[in-house]
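The values are calculated or read from the model by the stated rules, or taken from the named source; none is laboratory data. In this text, all values refer to a predicted model and were calculated from it rather than measured experimentally. Cβ coordinates were reconstructed from backbone atoms using ideal geometry, including for glycine residues, and neighbour counts include every protein chain displayed. For the accessible areas, the whole protein counts, side chains as well, though only heavy atoms, and no ligand, DNA or RNA atoms are used. Shrake-Rupley method; radii C 1.70, N 1.55, O 1.52, S 1.80 Å.
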Amino acid sequence: MRALALLSVLLLILPATAFAQSAPSPTADESSSDVLVRGNTGFALRFYGLVAREEGNVVVSPLSVSLAAAMLYAGAAGETEAEIESALQFELPAETLHSEFEELQRELHARVSRWAKLSFANGLWVDNDCTLVPEYAELLSVHYGAPAQIVDFGGSPVDACREINDWVSTETKGKIESVVGPQMFTELTRAALVNTVYFLGAWKHRFFARNTREEPFHRLDGSSVPALTMHRKGRHRYYEDESVQVLELKYQGSGLSMLVVLPAPDVPLATVEDALTPTVLSGWVNDLQEREVEMAIPRFEVEHRVNLIPVLGELGMQSVFTWGAADLTGVCADPELFVEYAHHYVSLGITELGTEAAAATVFVQTLGAEWDSRQTPTAFRADRPFMYLLRDMKRGTLLFVGRVVDPALVDHG
């Protein structure tokens, strides 16, 4: 199977030396898990919307970012805590938030893993010179399964780098082999937070390779490129209006699906991206109906990298990246910790068989400085730029969001 690997790496180096719009308040009939998913979805689409300003193929793993940010949030205070809460749309009390993130990972893994592979892993590495706050260490160990592991960032940066990268490679089944380099660690580095997400699933109704053929894909600039295009006819949940066609491709027995969003021929992809909100997405999902669909979808693989500091900064998460303004004293008792690096690396692809994905998020903290022949099938030809969202149909959690503007490209960002 062609790899669908997602890597979300937040390298938060914390050396010594404008808020986002508030999310709606929880309603009385919402459970805590509903509130968590609603907030995560709001963040996911705003985050994707900002990244989508870039040119070329794009893919992000907002869930990985949310999980890593939640671990950082646990050690933040004051304005820094408030900014992370607003930017990530964390609406629950802190203890409830961490408990719900723990349950989200546990429930998804338990349900999906009977049919596919879905795993989450979180790691915390601290320098032997770091006086880790006991309550913080306990919270990450209990709710995120991330007990502190001691390394010598300054004295043995190569060994520290190897230990973290080996862990990430193991957790992502070798899809992601390297997230940190020894040059990132100095005698001032105090901690590294890492989250990984790995998914391997087969389509409920697979495509057959004998039906795959090379066909033109029409790019944004009007030019065309050859693309290996998969074909299938069958019953799928489907929605359309004057702007888009939305097709749901389910994964076998996992409760997960991929929504493929194809703009109408006269509607720019950017217009659809700009208009995508939780309400719009919810409308599409609620209006999906079983229909005969004759589809043509290109195989693709996308690689992408995002510098998260300006993106999260635009969402209002700013002080944590500023020396002298960050308050991360809940991590280790040093008032001069701040985040110097934050990166998101993603690789994603689909084939006739299904999808494989892996994601990882890292924070490094430093001191500073299915067809009925009686019916005419609906045509769904993704021969032009389109979006996709890999989601949990039961709770609505978005695991990955991206777009393809050229299936012949691997965009390294």
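Past the 21 angstrom mark, what percentage of all C-alpha to C-alpha distances in the stretch 91-218 do you count?
On the way: 4552 of 8128 pairs.
Pairs farther apart than 21 Å: 56 percent.
Quick check on my link table: of Lys175/Lys250; Lys117/Lys175; Lys204/Lys233; Lys175/Lys204, which ones sit more than 18 Å apart, alpha carbon to alpha carbon?
Values: Lys175/Lys250 23 Å; Lys117/Lys175 14 Å; Lys204/Lys233 13 Å; Lys175/Lys204 23 Å.
Violating the 18 Å Cα-Cα cut-off are Lys175/Lys250; Lys175/Lys204.
With the crude spin-label approximation of a point 7 Å out along Cα→Cβ, what separation in nm comes out for Ser178 versus Arg305?
Reported label-point gap for Ser178 and Arg305 is 1.0 nm.
To the nearest whole percent, what portion of all C-alpha pairs in the stretch 110-157 is separated by more than 16 angstrom?
53 percent
What percentages make up the Cα-Cα pair-distance distribution of the chain when the bins are 10 Å wide from 0?
Result, from short to long distances: 5, 23, 32, 23, 12, 4, 0, 0 percent.
Taking K and R as +1 and D and E as -1, what net charge do the other residues with C-beta under 11 Å from the C-beta of Arg219 add up to?
-2
Take Ala379 and Glu135, extend 7 Å from each Cα along the Cα→Cβ direction, and tell me the distance between the two endpoints in nm.
Going by the 7 Å Cα→Cβ label model, 6.3 nm.
Along the Cα→Cβ direction, 7 angstrom out, place labels at Val225 and Leu353. What is the inter-label distance in nm?
2.4 nm
May I ask you to work out the translational diffusion coefficient for the stretch 46-115 at 10 °C, viscosity 1.306 mPa s, via Stokes-Einstein with Rh from the Kirkwood sum over Cα pairs, reported in whole µm²/s?
Reported coefficient: 115 µm²/s.
What's the center-to-center distance, using Cα atoms, between the stretch 206-279 and the stretch 79-107 in Å?
33 Å
Roughly speaking, to the nearest percent, how much of the stretch 30-132's 1.4 Å accessible area is carbon and sulfur?
48 percent
How much of the calculated P(r) for the stretch 172-282 lies past 25 Å, in percent of all Cα pairs?
Beyond 25 Å sits 51 percent of the P(r) for the stretch 172-282.
Provide Rg and Dmax in Å for the stretch 230-385, with only Cα atoms included in the calculation.
21.4, 71
Considering only protein heavy atoms and a 1.4 Å probe, what is the carbon-and-sulfur percentage of the accessible area of the stretch 200-355?
50 percent
Arrange the peptides 133-140, 64-71, 45-52 so that the one whose residues have, on average, the most other Cβ atoms within 10 Å appears first.
Going from most to least packed, we get 64-71, 45-52, 133-140.
Estimate the FRET efficiency between Ser32 and Val280 by the formula 1/(1 + (r/R0)^6), using the beta-carbon distance for r and 35 Å for R0, to the nearest 0.05.
Efficiency computed from Cβ-Cβ geometry: 0.90.
Determine ³J(HN,Hα), in whole Hz, for all residues of the stretch 77-88 in sequence, where each value follows from phi through the Karplus function 6.51 cos²θ - 1.76 cosθ + 1.60 and θ = phi - 60°; x replaces Gly and Pro.
Listing the rounded values in order: 9, x, 4, 4, 4, 5, 5, 5, 4, 6, 4, 8 Hz.
Give the carbon-plus-sulfur fraction of the accessible surface of the stretch 149-197 in %, rounded to a whole number; probe 1.4 Å, heavy atoms of protein chains only. Working shown, then result.
Details: 990 of 2070 Å².
Within the stretch 149-197, the accessible surface is 48 percent carbon and sulfur.
So what are the stretch 128-201's ellipsoid semi-axes, whole angstrom, largest first, if each one is the square root of 5 times an eigenvalue of the alpha-carbon gyration tensor?
The equivalent ellipsoid of the stretch 128-201 has semi-axes of 22, 19, 8 Å.
Calculate for the chain the 222 nm mean residue ellipticity that helices alone would give, adding -39,500 (n - 2.57) per DSSP H run of length 4 or more and normalising by residue count, nearest 500 deg cm²/dmol.
The helix contribution divided over the chain gives -8500 deg cm²/dmol.
Could you state the accessible area per residue of the stretch 181-305 in Å², with a 1.4 Å probe and every protein chain left in place?
Details: 5450 Å² over 125 residues.
Accessible area per residue: 44 Å².
Note the per residue figure in Å³ for the convex hull of the C-alpha positions in the stretch 234-310.
Given the Cα convex hull of the stretch 234-310, per-residue volume reads 158 Å³.
At a Förster distance of 51 Å, what's the computed FRET efficiency of Thr186 paired with Ala264, Cβ-Cβ distance as r, to 0.05?
With R0 = 51 Å, the Cβ-Cβ based efficiency is 0.45.
Rounded to the nearest 20 debye, what is the charge dipole size of the stretch 153-257 about its Cα centre when +1 sits on each Lys and Arg Cβ and -1 on each Asp and Glu Cβ?
It works out to roughly 740 debye.
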